[in-house]
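First comes the structure, then the notes that go with it.
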Amino acid sequence: MNEVKAGRILLLVRRRRRLTQTQLAALAGISQQTVSSIELGHADDTALRTIRRLAAPLGITVELDLKWRGPEFDRLDDARHAAIVRAVVARFGPEWEIVVEYTFNHFGDRGSVDVLAWHAARSALLLIEIKSELDSLEAVLRSMDVKVRVVPPLVAAQQGWRLSALGSVLVLPDESSSRRAVAEMGVVFNAALPRRTVDVRKWLAEPAGALRGIWFLATTPARGAIRNPGGPGLVRKPRDPRLHAQATSRGRELPAVQERVAARPRHAPMPDVPDENRPRLAPGTPTASR
């Protein structure tokens, strides 16, 4: 809706309510000149909160309508969510059985688990809730509580599993906005989901007992590196296929490469991984020694 049409609506409703501009300005706590300017269609330089203050006494709800020529907003949000799902699944090793988007409907309790992971050797089940944006804290915690109550016995009955360990994790993108939102609601999160990323990774490596926590996850791993699934931040370098092809075909490149690797200092940084892209290890976390 453009400014002229919005101003015309405010004008007509004000007249219908038999209010003068001065009276409406007093009710809204703004000046009469501002009311007149908005009604004339000159609201482009007016703050949205001012327009809402003007509309409230008239019983008008002001909604923000954003338009963009790119993909639909739902598609953008779905793509971001899907990227986090892929990043989560990539962190699991072959000992885990993964189900993406597990849906359930049990006596009125219905919904879906973004990622459901089962570790047969440890009889461990993990329910993962993924949020690209943390909007409603109450809704998120209520949804997770329902899934923890309903899904484990339902899945155990369907699959014949005997559970000895159960985890429930909220995955958020590893961004300053996510960490800030969690920090602002620290009291609630510390009570409902007390564990954090390091504890979650340890539980994934050796699942035992109960787990309720938050997992801050980066969706863009360091360039040229592969994150070791289930490991607490360990990174192993992929083999360069060009060197491998040369060594296989000629039979003389591989010894030279091995000599260069052996001569490199033990703890030298990987040459093609910028410092700013290195995975951050929590204090006390062992480094890779492969």
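The values are calculated or read from the model by the stated rules, or taken from the named source; none is laboratory data. Bear in mind the structure is a predicted one, so any value in this text is a computation, not a measurement. Don't worry about glycine lacking a Cβ; one is built from the backbone with ideal geometry, like all the others, and counts go over all protein chains shown.
Odds and ends about this structure:
- Residue that is surrounded by the fewest Cβ atoms within 10 Å (Cβ to Cβ), among those in region 96-137 that are of a type in the set (Ser, Thr, Tyr) and modelled with pLDDT of 90 or more: THR103
- Against the conditions (1) at pLDDT 90 or above; (2) in a loop (DSSP other than H, G, I, E, B); (3) of a type in the set (Ser, Thr, Tyr), THR22 satisfies every one except (2).
- Some residue of region 181-197 being assigned by TED's automatic domain parsing to the domain that holds ILE128, in contact with a Pro (Cβ under 7 Å, 6 or more places away or on another chain), closer than 20 Å to HIS81 by Cα and buried (at least 16 other Cβ atoms within 10 Å of the Cβ): no
For (1) among the small types (Gly, Ala, Ser); (2) loosely packed, with under 15 Cβ neighbours inside 10 Å, each residue gets a yes or a no:
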{"residue": "ASN2", "(1), (2)": "no, yes"}
{"residue": "ALA6", "(1), (2)": "yes, no"}
{"residue": "ARG15", "(1), (2)": "no, yes"}
{"residue": "GLN32", "(1), (2)": "no, yes"}
{"residue": "GLU39", "(1), (2)": "no, no"}
{"residue": "ALA43", "(1), (2)": "yes, no"}
{"residue": "ARG53", "(1), (2)": "no, no"}
{"residue": "LEU64", "(1), (2)": "no, yes"}
